[in-house]
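For reference, the structure is listed below as structure tokens.
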Amino acid sequence: MGSLDQTHRDLHFSHIFHQPGTHTRLFEDKVFGHEDWTRHRSAAYRHRMEPVVFLRVCAGFTWQLALVLLVSIAVGLLHTFVPESSEFLSGSHLSTPFNMITFALSLLLVFKTNSSYSRWWEARIVWGKVVNFGRNYTRQALMWIPASRPDLRAAAVRWAVAAPRVLRVHLRKGVDLTPEVHGVLRPAEVEWLRTWANGPLGVGTALGRVVAAAGLEPQLEQALQQQVELYTNMAGACERIFKTPIPPAYARHTSRFLMLYVVTSPVLLWQSTGWMTPLVAVVIAMLMLGVENIGVQLEEPFHVLPLYDFCKGLEANIRELDRQFAELPEIETLVAHSPLGKESTMPRQGSMPRQGSVPQPASMPHPASPIVAAT
């Protein structure tokens, strides 16, 4: 019975300290286009007041702001009904140490915010490389895998589309693998992928086996395998960022330091603002807590970055490559209509073989593998 009561108490307190979804979604990024940059450069747009957004920010600091409000009211009542306390609460013996710790707190907040931004930017670079992998792997696979192997070409496209989606599932809480790759991979491939505890590692294995099954010349196979290695390296970089936060002791000390600062600030504000202190103290607390919270939200960048938009954009690029390669005329036709004429048909030293010139492989992957199934 006692353990059940304890469980109920834990659930109650976790609900109190749980951050509302409306607050968390404020920090989600979006992929910018020309119109977004035009608005972003507009001072009138940036400085406009948004009461709804203000309330959503406040919703994330409900109990903190309520505590500051109660302390402010308590200070006002103390000054009003206990006049002899005013001299003690307004003396320089309180303002001097308060001024001293203000500088220290500023340094902590700046360091926290800068460190979190560095993690966010590194994550963005990593996902930029994931996008580059998808484009380059697909382009090279469609260029070098012979047209006589449509099964392998289709498999390369499928797994290139699935790769960023699986990485997103790996990094995001509450995203299920099956609906994410439904319609991209075949049912047998989805079931095989679900047997992996580390989804991106399974995708890397599938991508590599598609390349190995093509029987390409060594230099071409090495180039494609380097693209697969890039994907697995970027997945490892994401795991490193996700699993290693800024040292928790530093983050907790900064948060508690800031909370102590904003809770005690009404004591010094009263002398200047009087009964406006509750309002002024709450606004100051919201602004300072907001600065700290920006650093906390950016610290784990994968719930902030628009990963879904990255995946959809990359899929559009891969589908376009697949469509354009299917419609691409033979290289001889292109050269025949070139202004350079027949001279441009002369092979240059170190040039790669054209599409369809690589011999068909002598062997296929193990029959039990669902990766390269016959279409």
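Miscellaneous remarks
- Overall form of region 23-142 per C-alpha gyration tensor (a/c, 1.5; a/b vs b/c): prolate
- Packing-based order for 274-280, 99-105, 155-161, 197-203, using average beta carbon neighbours within 10 Å, highest first: 155-161, 197-203, 274-280, 99-105
- With a cut-off of 9 Å between beta carbons, the residues surrounding ASP309 carry a summed charge of +1, where Lys and Arg count +1 and Asp and Glu -1.
- Each residue of region 123-137 is assigned a 3J(HN,Hα), and the resulting list reads 4, 5, 5, 4, 6, x, 6, 4, 4, 5, 4, x, 5, 5, 4 Hz, derived from the Karplus form 6.51 cos²θ - 1.76 cosθ + 1.60 (θ = phi - 60°), x at Gly and Pro.
- Check: region 163-203 dipole with +1 on Lys, Arg Cβ and -1 on Asp, Glu Cβ, in debye: 160
- Each residue in GLU221, GLU327, GLU180, GLU191 was given a count of other beta-carbon atoms within 10 angstrom of its own, and listing them fewest first yields GLU327, GLU191, GLU221, GLU180.
- Length released on extending from TRP63 to ALA44, taking residue separation times 0.36 nm less the Cα-Cα span: 3.6 nm
- Simple spin-label estimate for ILE125 and SER272 gives 4.1 nm between the two label positions (7 Å along the Cα-to-Cβ direction from each Cα).
- Excluding same-chain neighbours fewer than eight residues apart, the lysines reachable from LYS30 by a Cα-Cα span under 22 Å are LYS129, LYS173, LYS312.
- Cα gyration tensor category, rounded, prolate or oblate, for region 155-243 with a/c compared to 1.5: oblate
- Three-way shape label, region 107-194, alpha-carbon gyration tensor, a/c 1.5: oblate
- Net +/- balance of residues flanking LEU108 in space, Cβ distance below 13 Å, scoring K and R +1, D and E -1: +2
- Peptides 223-234, 311-322 ranked from most to least packed, by the mean per-residue count of other Cβ atoms within 10 Å: 223-234, 311-322.
- Those lysines that a straight Cα-Cα span of less than 21 Å connects to LYS112, excepting residues fewer than 8 apart in one chain: LYS243
- Taking 7 Å steps out from each Cα toward its Cβ at LEU77 and ASN136 produces label points 6.7 nm apart.
Readers should treat all values here as calculations from the given coordinates under stated rules, not as data from a laboratory. Just so it is clear, the model here is predicted, and its values are computed rather than measured. So basically every Cβ, Gly included, is an ideal-geometry build from the backbone, and we count neighbours across all protein chains shown.
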